Number of protein chains: 2
Amino acid sequence: MLSSKWVYLTVGALRRGRMRHGELARKMEGITPKMLTQTLRTLERDGLVRREIFPVIPPRVEYELTALGHDLAGLLDQIRQWSEVHVPDIRSARLAAQEGTL
Amino acid sequence: MLSSKWVYLTVGALRRGRMRHGELARKMEGITPKMLTQTLRTLERDGLVRREIFPVIPPRVEYELTALGHDLAGLLDQIRQWSEVHVPDIRSARLAAQEGTL
DNA sequence: CCGTATCCCGAAAGATACTG
DNA sequence: CAGTATCTTTCGGGATACGG
């Protein structure tokens, strides 16, 4: 899960509350319908997201985080915080390594 | 970095102290020389690992975590702790999802 | 001992078009 | 609206062999 960019974005979006497929798609620039569905289905299978279908026309499907999903959101937050602190250092190290190569 | 199994294992091993290439290879069952070198080089480039070469024959090369590397080890620890608590729940969810499909 | 150089492969991502 | 189906491509990982 930690290796998928779309998992980060999806969980991040759902954190603010229940949302429809279309809303999610609009919040996540660049995602294709296939990847969105695939990501949501995996999260659902793993018990992180709950999927509710309303049997109406046109279709209406809503997604929300489960308790476990919120726990994951907490971990992703820790990762985000770590990144905000340390990624700049990593960037500098990379640039310095490049300089050495030139 | 969080998407590479070898990063977890390498950082985990180096956490206990400075180590040679061969020692690392022996601690990490299944890793090929190529993957070990590739992992170490990436970690070095990103400022997480320091590489020291002793100009002797036969060659002697030692690796150790930098301060930034120890910071990363801390994050990996948080991920490990989260996993120990929640991965069983995810496993259950997966099994339950399978049952539903049968 | 500490690596490089190649080649190969499968899984995952993306683009595109279509449907109940 | 909320997906599926199909095709293509990319890319990281692994196996193997060789070299200073």
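Some notes on this structure:
- Ranked from shortest, the separations from the 7 Å Cα-to-Cβ label point of residue A:70 to its equivalents in the other copies are 3.6 nm.
- At a threshold of 50 Å², the residues of segment B:30-73 that become less accessible to a 1.4 Å probe in the full protein assembly than in their chain on its own are B:45, B:46, B:68.
- In nm, spacing of pseudo-spin labels at residue B:57 and residue A:8 (7 Å Cα→C-beta vector): 4.8
- Relative contact order computed over segment A:5-99 (Cα-Cα under 8 Å; 6+ residues apart), in percent: 29
- Each other copy places its own label point for residue B:92 at 4.6 nm from this one, sorted shortest first, where the point lies 7 Å along the Cα-to-beta carbon line.
- Across identical copies of the chain, residue A:30 has label-point separations of 3.1 nm, listed in ascending order, with the point defined 7 angstrom from Cα along Cα→Cβ.
- Over the protein assembly as shown, the Kirkwood radius and the radius of gyration, each from Cα atoms, give a ratio Rg/Rh of 1.07.
- Solvent-accessible area lost on pairing A with B (1.4 Å probe, both sides summed) amounts to about 1800 Å².
- Here each label is just a point 7 Å from Cα along the line to Cβ, and for residue B:97 and residue A:89 those points are 3.6 nm apart.
- Viscosity 1.567 mPa s, temperature 4 °C, Stokes-Einstein D of segment B:5-99 from Kirkwood C-alpha radius, µm²/s: 87
- Simple spin-label estimate for residue A:37 and residue A:50 in nanometres, 7 Å along Cα-Cβ: 2.4
The values are calculated or read from the model by the stated rules, or taken from the named source; none is laboratory data. Quick caveat: nothing in here was measured; it's all calculated off a predicted structure. Every residue, glycine among them, receives a Cβ derived from its backbone with ideal geometry; neighbour counts consider all protein chains shown. Quick note on the areas: whole protein, heavy atoms, side chains included, nothing else; ligands and nucleic acids left out. Shrake-Rupley method; radii C 1.70, N 1.55, O 1.52, S 1.80 Å.
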